[in-house]
Every structure is written in C-alpha cells, then in structure tokens.
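See structure below.
The values are calculated or read from the model by the stated rules, or taken from the named source; none is laboratory data. Keep in mind that what you see is a predicted model, and the values were worked out from it rather than measured. Every residue, glycine among them, receives a Cβ derived from its backbone with ideal geometry; neighbour counts consider all protein chains shown. Surface areas here come from the heavy atoms of the whole protein model, side chains and all, with no ligands, DNA or RNA. Shrake-Rupley method; radii C 1.70, N 1.55, O 1.52, S 1.80 Å.
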Amino acid sequence: ERAAHLLLDVGLVAALLLAAGRVADPIAPDAFVLRDVLGLGGLAALGAVLFGARAAWAPPVGWAGVTLVVPPTGDHWLTRLLTWPVQPTGTTSATTTAVVLGCAGLLAYSWFGCRR
C-alpha cells in the first residue's frame, strides 16, 4: 500500500511536468525530468522515513540547493555525485544516483512508513 502510494505520487508529478513541457516550451528533455523526479522523489521518501511528513521536503530541497553552490563541471566523482540533478541526461553517474535514491526511498518508505 505504501509503495503504491509513493509510485502514484511520483507518477503524477512526472506526468504533470511532462505535460507542462508539451504545452509550454520544454526547459528540459523528458529523460532529464524523469530522472530528477525519480531521484528527488526517493529523497522525499527517505525524508519522510527519517524526519516525518512535516520535514520530508528537506532532503530534496537541500540537495537541490547544493547544486546551486557546487559547480556541475568537473571530473571528480564527488562533484558528479553532488550535482546529479543538473548533469546532462547521458551521465551514467547521475542516472545511477537517481535510481539508487529512488529505489532506496521506495524500499525504506514501503518497509518503515512515515515517521510519526
């Protein structure tokens, strides 16, 4: 039940963003949007498990804030890891990070639920 709830939420957000890109001038490719929705949704789920519903927003907003401070250019693996939301769509490390965060968030939220 929790997994279905999370998958429905992530699917709804992705569908809305992709639909907005069809109506307006798209600001990002579809793969970029899907990757970031998956990763940031996983971070929100991890935030719900660790901090509760009131502060579930903090990890995705915090990580997105890091990408404003750390320049996305550079060959160091830590830079690519920290700036995965703004890396180009073909970047393997960014996609891997998003998939790992998405799966970890889905599993943790499904197993433990939201912290009270």
- Message: Name the single residue that is modelled with the lowest pLDDT among those in the range 88-116 being touching a Phe, Trp or Tyr at 6+ places or on another chain (Cβ under 9 Å), of a type outside the set (Ser, Thr, Tyr) and surrounded by 14 or more Cβ atoms within 10 Å (Cβ to Cβ).
- Response: ARG115
- Message: Please pick out the residue among ALA48, ALA64, ALA55 that is in contact with a Cys (Cβ under 8 Å, 6 or more places away or on another chain), modelled with pLDDT of 90 or more and not β-branched (Val, Ile, Thr).
- Response: ALA48
- Item | Only listed residue being open to solvent by 60 Å² or more (accessible area, probe 1.4 Å), part of a helix (DSSP H, G or I) and not charged (D, E, K, R), chosen from LEU40, LEU46, LEU7 | LEU7
- The lone exception for ALA28 - which of (1) open to solvent by 30 Å² or more (accessible area, probe 1.4 Å); (2) modelled with pLDDT under 85; (3) among the small types (Gly, Ala, Ser); (4) not in a helix (DSSP H, G or I) it fails: (1)
- Message: Every residue in the range 52-93 that is within 21 Å of ALA4 (Cα to Cα) and touching a residue at least 40 places away in the same chain (Cβ under 8 Å), please.
- Response: GLY52, ALA53, ALA56
- Item | Test: THR79 is assigned to a helix (DSSP H, G or I) and open to solvent by 20 Å² or more (accessible area, probe 1.4 Å) | yes
- Quick one: is GLY74 open to solvent by less than 60 Å² (accessible area, probe 1.4 Å), part of a loop (DSSP other than H, G, I, E, B) and over 26 Å from CYS114 (Cα atoms)? yes
